[in-house]
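Input: a single structure, listed below in structure tokens.
The values are calculated or read from the model by the stated rules, or taken from the named source; none is laboratory data. Given the structure is predicted, the values throughout are model-derived calculations rather than measurements. Backbone-built Cβ (ideal geometry, glycine too); neighbour counts: all protein chains shown. All accessible areas refer to the heavy atoms of the entire protein, side chains included, with ligands and DNA or RNA removed. Shrake-Rupley method; radii C 1.70, N 1.55, O 1.52, S 1.80 Å.
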Amino acid sequence: MHRVSQGGWKSGGPRLWVAVRGLPHTLREDLWTVARDPLPRMRWLGRLPHAHVVLFTVLMGWLNADRYKVDFGPSAGTAVLVLAVLQSGAVVLALSRPVPAWWLSTSALFLVRNTDEVSPHPLWSWSIPGIALHALVLFLLALRVRPRIAAEALVLSLLAGAATLAFAAPAQDPSLQPGSAPLVFAAAPDRSLTQDAMAFTVAVVLGTALRGRRVARTQLVEQEVLTAEERARRTLLEERNRIARELHDVVAHHMSVISVQAQVAPHLVKDPTDELKENLAGIRGNAVEALTELRRVLGVLRSEDALADGVRHTPQPTLGRLDELVGTVRGAGLRVTTEITGEPRPLSPGVELSAFRIVQEALSNAIRHAPGAEVRVAIGYRTGGLTIRVANSAPGGPAPPSQGAGHGLLGMHERTAMLGGELATGPTPDGGYEVTAILPAQAAKPDDPGEPAP
């Protein structure tokens with residue numbers, strides 16, 4: 001136990017000594033500076049508080065000089081009045097250079113209290129106006145500097161007050177007989193130093209609290225700016241995702257059609273030549289390779305890289321091009337039937353585009369995963385919106401191996417959710433697959449600004 005205690009003292013002792021030895025350096029770094037640090041303007045009051053500080057300083061300076069005349073009598077020299085002016089000037093200086101102003105105010109207080117002639121009734125170590133002026137200097141200092149520096153200034157101010165009481169000659173009451181002990185005033189120094197300490201401490205604590213509030217408000221504003229930037233960045237990412245989905249929907253669909261057409265073309269020609277077969281096989285291989293590269297590019301578009309300059313909005317397809325879409329799919333060898341119920345009417349651009357993309361993606365999935373199947377596309381115009389149903393029967397043969405996971409279903413879900421609709425996807429009892437979407441006639445107005453542009 002003795003060794004542990006000794007080891008603890010040995011480990012803690014050097015650290016304490018290092019801290020004590022580094023104290024002068026810390027004080028010099030914190031308080032030995034003439035750096036300019038102006039008091040900032042207030043948001044609503046502007047520089048009105050600065051004017052109030054100056055007016056208060058003039059008033060306290062006048063009262064301070066008047067008190068010195070009373071304490072030091074008619075014979076008060078010019079030096080004492082100069083010190084009173086310096087005390088007031090320190091407050092004005094604190095509006096722009098708080099640390100030098102604190103040094104000036106502390107030095108003036110020390111010199112004033114240690115003059116040759118002292119009031120015989122020193123209820124305070126300094127005059128009340130002098131204490132008010134120095135407390136204001138400490139307050140203005142605490143508004144601009146870190147709490148540690150404000151605490152150092154407070155401690156040094158109190159040490160200066162204790163030093164004035166130690167070096168000043170004891171006061172004698174003229175009413176007492178010569179040689180009598182000034183019992184009435186014996187406890188005055190302790191009481192006066194305590195009162196000074198309370199006044200200075202309140203000023204520092206109040207200034208530190210207001211500075212902390214200002215710093216917290218500044219940090220809150222900075223956080224709000226960062227939040228706004230993050231919101232804009234998120235919006236940009238959502239817009240990038242929309243562009244990525246559009247690219248996938250358009251290019252992947254057409255590349256899938258090219259691949260399937262190249263695959264079935266030899267069967268449509270009687271006795272195709274080897275050269276034709278080779279060319280068609282090359283076309284299909286290039287289409288499959290393009291689909292693979294497309295998915296890689298799509299991954300880049302979904303990353304956090306910035307969008308390339310030059311991206312422009314282009315006209316988007318609507319349900320008016322449904323027949324053209326179905327005709328293209330039929331040309332790829334897929335049997336498609338369409339059914340439209342209700343009275344067709346123009347819908348909002350977002351609904352039109354999403355409906356077309358959902359049908360397009362469902363047909364592309366049928367081409368890729370259900371070769372030889374029959375597909376039925378049903379569009380229902382209702383009072384409250386639009387119903388889309390794309391269902392395919394069981395595939396007529398094995399589907400070619402997938403080149404990787406796509407974003408088709410994800411895109412359909414995102415489009416439907418963006419519009420405030422509903423989407424259901426899944427296999428059917430006969431071995432096929434069905435996609436059903438219910439879209440409102442008018443797209444919802446979410447906070448997300450990434451709605452597809454018309």
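Brief remarks follow.
- Residue that is at pLDDT 80 or above and within 20 Å of L386 (Cβ to Cβ), where the choices are R321, R330, R335: R321
- Here is the figure for the range 432-446: residues that are touching a Ser or Thr at 6+ places or on another chain (Cβ under 7 Å), farther than 20 Å from A373 by Cβ and either at pLDDT 90 or above or open to solvent by 50 Å² or more (accessible area, probe 1.4 Å) (or both) total 3.
- Some residue of the range 21-33 being open to solvent by 60 Å² or more (accessible area, probe 1.4 Å) and not in a helix (DSSP H, G or I): yes
- Filter result (hydrophobic (A, V, I, L, M, F, W, C) and either at pLDDT below 60 or open to solvent by 90 Å² or more (accessible area, probe 1.4 Å) (or both)) within the range 1-20: M1, V4, W9, L16, W17
- Restricting the first member to the range 55-76 and to residues that are closer than 21 Å to V91 by Cβ, and the second to residues that are open to solvent by 60 Å² or more (accessible area, probe 1.4 Å) and at pLDDT 85 or above, the beta-carbon pairs closer than 9 Å and six or more apart or on different chains are T57/V92; G61/V85; A65/V85.
- Taking each residue of the range 277-288 that is touching a residue at least 40 places away in the same chain (Cβ under 8 Å) and looking for partners that are open to solvent by less than 40 Å² (accessible area, probe 1.4 Å) with beta-carbon atoms closer than 7 Å, six or more apart or interchain, yields V288/S259.
- Only one entry of A281, A228, A232, A244 meets the criterion of being modelled with pLDDT under 80, over 23 Å from V359 (Cβ atoms) and open to solvent by less than 90 Å² (accessible area, probe 1.4 Å), and that entry is A232.
- Of all residues in the range 34-52, those satisfying the criterion of being part of a helix (DSSP H, G or I) and open to solvent by 50 Å² or more (accessible area, probe 1.4 Å) are L48, H52.
- Of the criteria (1) in a helix (DSSP H, G or I); (2) modelled with pLDDT of 85 or more; (3) among the acidic types (D, E), which one D66 fails: (2)
- Considering the conditions (1) open to solvent by 50 Å² or more (accessible area, probe 1.4 Å); (2) of a type in the set (A, V, I, L, M, F, W, C); (3) over 37 Å from the mean Cα position of the chain (by Cα); (4) modelled with pLDDT of 75 or more, L176 is excluded by exactly one of them, (4).
- Scanning the range 420-431 turns up no residue that is in contact with a helix residue (DSSP H, G or I) (Cβ under 9 Å, 6 or more places away or on another chain) and at pLDDT below 90.
- Check on P122, at pLDDT below 75 and either part of a loop (DSSP other than H, G, I, E, B) or on the phi < 0 side of the Ramachandran plot (or both): yes
- Tabulated pairs, the range 412-437, first in a loop (DSSP other than H, G, I, E, B), second β-branched (V, I, T) and open to solvent by 30 Å² or more (accessible area, probe 1.4 Å), C-beta under 8 angstrom, 6+ apart or interchain: G421/I438
- Among the conditions (1) surrounded by fewer than 11 Cβ atoms within 10 Å (Cβ to Cβ); (2) at pLDDT below 80; (3) part of a helix (DSSP H, G or I), L55 misses just one, which is (2).
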